[in-house]
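Everything below concerns the one structure shown next.
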Amino acid sequence: MMHSTAAAVFWSITVLVLWVVAVGGAAWAAVRMTRQPRRPPPSLPSPLDILERRFAAGEMTHDQFDEARARLREHELDV
């Protein structure tokens with residue numbers, strides 16, 4: 001069985017194009033992944049922020065808020 005020269009040229013060019021596409025795609029993906037902006041991790045609210053939100057929502061009285069805030073300040077000094 002004979003193979004034609006045209007078929008050999010066609011497959012050679014096809015393989016070359018596929019390699020260029022694969023290498024180009026890998027390079028594009030690598031650049032895209034390394035240039036993504038880094039987002040800082042979401043910061044958690046402080047205990048005082050949580051306490052203030054609970055007081056603002058009416059979940060605690062002013063006396064409870066003052067007592068809890070005083071406890072938080074005591075623990076801040078311990079650190």
Whole-percent carbon and sulfur contribution to the accessible surface of the chain (1.4 Å, no ligands, DNA or RNA) stands at 65 percent
Regression test value, accessible area per residue of the chain, probe 1.4 Å, units Å², expected 96 Å²
For region 19-79, listing trypsin sites (Lys or Arg not before Pro) in a DSSP loop whose Cβ sees at most 13 other Cβ atoms within 10 Å gives R35, R38
Each label sits 7 Å from Cα toward the beta-carbon; between L16 and E52 the label points are separated, in nm, by 6.8 nm
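With n ≥ 4 as the cut-off for DSSP H runs, can you work out [θ] at 222 nm for the chain, using -39500 (n - 2.57) per run divided by the number of residues, rounded to the nearest 500? Let's see the in-between values first.
Numbers: 3 runs with 57 residues, N = 79.
Value at 222 nm, helices only, nearest 500: -24500 deg cm²/dmol.
The values are calculated or read from the model by the stated rules, or taken from the named source; none is laboratory data. Treat the numbers as computed from the prediction; the structure is a model and nothing was measured. Here the Cβ is made from the backbone with ideal geometry for all residues, glycine too, and neighbour counts use every protein chain on show. We work out accessible area using only protein heavy atoms, side chains counted, and drop any ligands, DNA or RNA first. Shrake-Rupley method; radii C 1.70, N 1.55, O 1.52, S 1.80 Å.
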